[in-house]
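The values are calculated or read from the model by the stated rules, or taken from the named source; none is laboratory data. The structure displayed is predicted, hence computed values, not measured ones. We place every Cβ from the backbone using ideal geometry, glycine too, and count neighbours over all the protein chains shown. Surface areas here come from the heavy atoms of the whole protein model, side chains and all, with no ligands, DNA or RNA. Shrake-Rupley method; radii C 1.70, N 1.55, O 1.52, S 1.80 Å.
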Amino acid sequence: MDAGRQGCLLESLLPAGVALLPASLAAIDALLDDPGVYAPIRALWVSRDAERGTAALTEGRPTTAMQTFVRLMVLKARTGWGYGALVREVADSLHLRRFCAIGLGDGVPDESTLRKLCRRLGADTVDALTREVIARSAAQTAFRPRAARIDSTVVEADVKFPTDAGLAADGVVLLARAGRRLAGLAGAGAPRVADRGRGAKGRMRRLGRTLKRRNGEAKAEVLTITGECGELLAKSALEARRLEQVLAAGTAAQQAAVPALAVLIGRCERVCEQIRMRLAGERISDRLVSLHDPDARPICKGKLAKRTEFGYVTQICEITENTQGGARGYILPPSTAAGNPGENELLPATVASLDKLGFSITELALDGGFRAPATTDALAASAQTPATVAIAGSQEPQSQRTRRRLYCYRSGAEGRISHLKRGYGMRRSRLKGHDGQRTWCGWAILAYNLDTHTHRLN
């Protein structure tokens, strides 16, 4: 153990080899020892200091070392542990302490610290870390990319199955809770938000009993109950608006509570509008599916098991040295956008990410969701000039052998996505919002690429 990691004299008393890292972590440890990997984090702190006129990088209160934080987050993505379990496991393991550069006499960072740092770094910094890791790993392993395969998937949001009545009932409870919390701040005589939660929950129980009948009358009654829930929410939202007006005209402390309340009221009013449109038979083009995660959207990908998923579309691009058998390469920082974007809408960002790494590919395999003209335009606007662009069903190579080879290669993208979801937590994002989902997926991709580095060394 090097001097910078000893932490306390007790480590020198341990038997030789006790804290040696497993082979799967040793290669990752060596790569993450390079100070250049953390250049994006330093650039982030420098830019924030310049923006705010502070000197937190050199004069701020000491916090968790970024080297330790990155290693902890990599462990979290590789194991699927929650923040609490991560802290407990690292505190109780010699080799995990060694990997995370935490001495025996040092405390493991609190889970709340990890949560805050995860949000503070954001998705762009994690993507930059991923590019640094890919560049250094490729240089060490003499990686020369030949082909790329691209496919999109849905990363589920951390929400329950949404219904209009359920959203209305949740909104009633949240508005009543906010009203109680702000009652003391608003003072005597301020408008109150009545607690209609009991009535909303009773209607949800009626809704559950009605759905069991599964006939035409039940459908009509479901709409009636949904409308009643919407009326309850509309009354609570109106009372909350009155409370908001009083707070906005009050003291500085009262005004500080207005933005959060206004956001909640706006979302509840949006649910009321959705219910009105549904009862009127109007089409809802941009449906809200969660009061806690307003960026999540209903997405239909044609799956039999899950006809509709609720979350975000993310595009995955894997670059490999060959297209044979179990080709494994590096995955670029994922591309995503708000709403329900198509394959070709995300393709320019994916190709730009490939350009940033300075790689050039000769073969590109895509599924039938891509359109040939839009794909050609995206590649023309980039530095990529692949000799073969295979799009399943619409633009395929003339050679039957090449067509079959790239068909099998492209289908491996679906297996890679399944691997990311099962092994690295990309099935469901536990961070709320579009930026939170990007951050969550970014750490998963970083951990996967570090494992790929180990795989290539072996």
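Looking at (1) open to solvent by less than 60 Å² (accessible area, probe 1.4 Å); (2) under 30 Å from Leu357 (Cβ atoms); (3) of a type outside the set (Ser, Thr, Tyr), can you tell me which one Glu51 breaks?
(1) is the only condition that Glu51 fails.
Starting from segment 257-270, keep only residues that are in contact (Cβ under 8 Å) with a residue 60 or more places away in the chain, then list their pairs with residues that are open to solvent by less than 20 Å² (accessible area, probe 1.4 Å) and not in a helix (DSSP H, G or I) whose Cβ atoms are within a distance under 8 Å, requiring at least 6 positions of separation or different chains.
As it stands, the answer is Leu264/Leu291; Arg267/Leu288; Arg267/Leu291; Cys268/Leu291, since those pairs meet every condition given.
Run down Glu363, Glu343, Glu396 and say which single residue is surrounded by 14 or more Cβ atoms within 10 Å (Cβ to Cβ), acidic (Asp, Glu) and modelled with pLDDT of 95 or more.
So the residue among Glu363, Glu343, Glu396 that is surrounded by 14 or more Cβ atoms within 10 Å (Cβ to Cβ), acidic (Asp, Glu) and modelled with pLDDT of 95 or more is Glu363.
Test Arg371 against the criterion of being under 21 Å from the mean Cα position of the chain (by Cα) and either at pLDDT 95 or above or open to solvent by 10 Å² or more (accessible area, probe 1.4 Å) (or both), and give yes or no.
no
Within segment 400-422, is even one residue open to solvent by 30 Å² or more (accessible area, probe 1.4 Å), in contact with a strand residue (DSSP E or B) (Cβ under 6 Å, 6 or more places away or on another chain), closer than 20 Å to Gly82 by Cβ and not aromatic (Phe, Trp, Tyr)?
Looking through segment 400-422, none of the residues is open to solvent by 30 Å² or more (accessible area, probe 1.4 Å), in contact with a strand residue (DSSP E or B) (Cβ under 6 Å, 6 or more places away or on another chain), closer than 20 Å to Gly82 by Cβ and not aromatic (Phe, Trp, Tyr).
Tally the residues that are of a type outside the set (Asp, Glu) and farther than 17 Å from Ala39 by Cα, restricting the search to segment 49-72.
Matching residues across segment 49-72 total 9.
Take the residues of segment 100-159 that are in a helix (DSSP H, G or I) and β-branched (Val, Ile, Thr): which is most open to solvent (accessible area, probe 1.4 Å)?
Within segment 100-159, the match that is most open to solvent (accessible area, probe 1.4 Å) is Thr113.
Evaluate segment 166-176: report whether one residue or more is of a type in the set (Asp, Glu), buried (at least 20 other Cβ atoms within 10 Å of the Cβ), touching a helix residue (DSSP H, G or I) at 6+ places or on another chain (Cβ under 9 Å) and not in a loop (DSSP other than H, G, I, E, B).
Within segment 166-176 (the criterion being of a type in the set (Asp, Glu), buried (at least 20 other Cβ atoms within 10 Å of the Cβ), touching a helix residue (DSSP H, G or I) at 6+ places or on another chain (Cβ under 9 Å) and not in a loop (DSSP other than H, G, I, E, B)), the answer is yes, since at least one residue qualifies.
What residue, of Ala218, Ala190, is more than 23 Å from Gly171 (Cβ to Cβ) and either outside any helix (DSSP H, G or I) or touching a helix residue (DSSP H, G or I) at 6+ places or on another chain (Cβ under 6 Å) (or both)?
On the way: Ala190 fails: more than 23 Å from Gly171 (Cβ to Cβ).
Just a single option satisfies the conditions, and that option is Ala218.
Does any residue of segment 269-277 turn out to be over 25 Å from Gly202 (Cα atoms) and open to solvent by less than 80 Å² (accessible area, probe 1.4 Å)?
No - not one qualifying residue is present in segment 269-277.
How many residues does segment 197-213 contain that are of a type in the set (A, V, I, L, M, F, W, C), more than 17 Å from Ala176 (Cα to Cα) and open to solvent by less than 30 Å² (accessible area, probe 1.4 Å)?
1
If you go through segment 426-435, how many residues are open to solvent by less than 30 Å² (accessible area, probe 1.4 Å) and out of contact with any Phe, Trp or Tyr (no Cβ under 7 Å at 6 or more places or on another chain)?
2
Kindly indicate whether Arg283 is part of a loop (DSSP other than H, G, I, E, B), modelled with pLDDT under 95 and more than 21 Å from Gly412 (Cβ to Cβ).
So Arg283 passes the test.
In segment 55-84, which residues are surrounded by 13 or more Cβ atoms within 10 Å (Cβ to Cβ), free of Cβ contacts under 8 Å to residues at least 12 places away in the same chain and not small (Gly, Ala, Ser)?
Listed by number, the residues that qualify are Thr79, Trp81.
Any residue at all in segment 438-450 that's touching a residue at least 12 places away in the same chain (Cβ under 8 Å) and surrounded by fewer than 17 Cβ atoms within 10 Å (Cβ to Cβ)?
Within segment 438-450 (the criterion being touching a residue at least 12 places away in the same chain (Cβ under 8 Å) and surrounded by fewer than 17 Cβ atoms within 10 Å (Cβ to Cβ)), the answer is no, since none of the residues qualifies.
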